[in-house]
1. Using θ = phi - 60° and the Karplus curve 6.51 cos²θ - 1.76 cosθ + 1.60, what whole-Hz ³J(HN,Hα) does each residue of the range 7-22 get, with Gly and Pro shown as x?
2. What is the Cα centroid distance between the range 251-296 and the range 146-193, reported in whole angstrom?
3. Each residue of the range 283-295 in order: what ³J(HN,Hα) in whole Hz does its phi give by Karplus 6.51 cos²θ - 1.76 cosθ + 1.60, θ = phi - 60°, with x for Gly and Pro?
4. Quick one: compute the contact order of the range 178-254, relative version, from alpha carbon pairs under 8 angstrom and 6+ residues apart, as a percent.
5. Please find the FRET efficiency linking Glu301 to Glu268, where r is the Cβ-Cβ separation and R0 is fixed at 25 Å, and quote it to the nearest 0.05.
6. Take Ile126, Ile185 and order them by how many other Cβ atoms sit within 10 Å, fewest up front.
7. Residue by residue through the range 260-276, what is 3J(HN,Hα) from phi via Karplus (6.51 cos²θ - 1.76 cosθ + 1.60, θ = phi - 60°)? Round to whole Hz and write x for glycine and proline.
Amino acid sequence: MRADRLLSLLLCLQSRGQLTARQLAAELEVSVRTVYRDLEALGAAGVPVVTSGGPGGGCRLMDGWRSPLLGISAEEATALLAVSAGGPLERIALGDALAQARLKLLAALPASGRDDTRAAAGRFHIDSQAWFKPAEPTPALPVLVDAVRRDRCLRLTYAGRDGRTSERTVDPLGLVAKAGIWYLIAASDKGVRAHRAARITHATPLPETFTRPDGFDLTRFWERWTAEFEASLDQLRVTVRLSKAGLAALPAVLGDAEAGARATPDREEGYQLDLHFDDPQAACRRLLGFGPEAEVLGPPEVRELMADTARRTAARY
């Protein structure tokens, strides 16, 4: 632990310049006495630490000295700082590691360009959370992260969509965050599957470790799994006629900015478009958002369901 603290102290001085012992103690969450002991240890190791007392005094590294811990350009540092801030990893056990990594990146830059790089990185922000949806509570996430890092087998209690729970023993291969939702990729006697982390109500690390499958690549698995998952959904094709206003409302109602490009003009001064849904009920719920700007042409069961729902809605009002 002290080695980590000494490295943090060195990087803090290198990236932020002169700081008082109290400021360093607050940054490292240690006592002032510990800071002075650590400064002595750095000096003994050959790091030129300069301390001065009185007003305007503090602790700093000798002018012009820089640790050769890492070599990186300002452009590379800007890119890494931008993509590492505010993402999903900030909210799990790797958040502290990210903070240390950003500190190292800044410390590796010459003092003259450090402020410019920090300011440039601050002009980019990646928000991975979906609109109108709070982050899913995932109480088991810290346990999952630790098990993935250490190749520890897990005993999971998993709640299905119907509310029923089941238990399973898995080998946790990786974690994926998609639009603010975490998924555990795990192997079991049923093969490699993706499990929604929010549905894991309890996770118990087991003493056993596991050997990762030869050639397993998390990114390739996720790309294949998401393609298969998307192909398994939206099997019901529904043909609709949209007015110009309905066509313009497509992105807002269905959240698909590219669907309008598939629409073709028809003889009724509107546009025809084929859309895909899970089932008639899902189609009805979503298409009602167009109001009178959309007409279902087929299949008949969806058209009848839309008409019946519209009649019952009008009767209520």
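1. With coefficients 6.51, -1.76 and 1.60, one gets 5, 4, 5, 4, 5, 5, 5, 6, 8, 10, x, 6, 9, 6, 4, 5 Hz.
2. The two parts, judged by their Cα centres, are 36 Å apart.
3. Listing the rounded values in order: 5, 4, 4, 7, 6, 4, x, 7, x, x, 7, 9, 10 Hz.
4. Numbers: 23 pairs, mean separation 11.3, N = 77.
Reported as a whole number, the value is 15 percent.
5. Values: r = 22 Å, r/R0 = 0.90.
Computed FRET efficiency for Glu301 and Glu268: 0.65.
6. Ile126, Ile185
7. x, 5, 8, 6, 10, x, 10, 6, 8, 6, x, 9, 9, 8, 9, 10, 10
We did not get these values from a lab; they are worked out from the coordinates using the rules stated. Here the structure is a predicted model, which is why all the values come from computation and not from measurement. Note: ideal-geometry Cβ built from the backbone for every residue, glycine included; neighbour counts use all protein chains shown.
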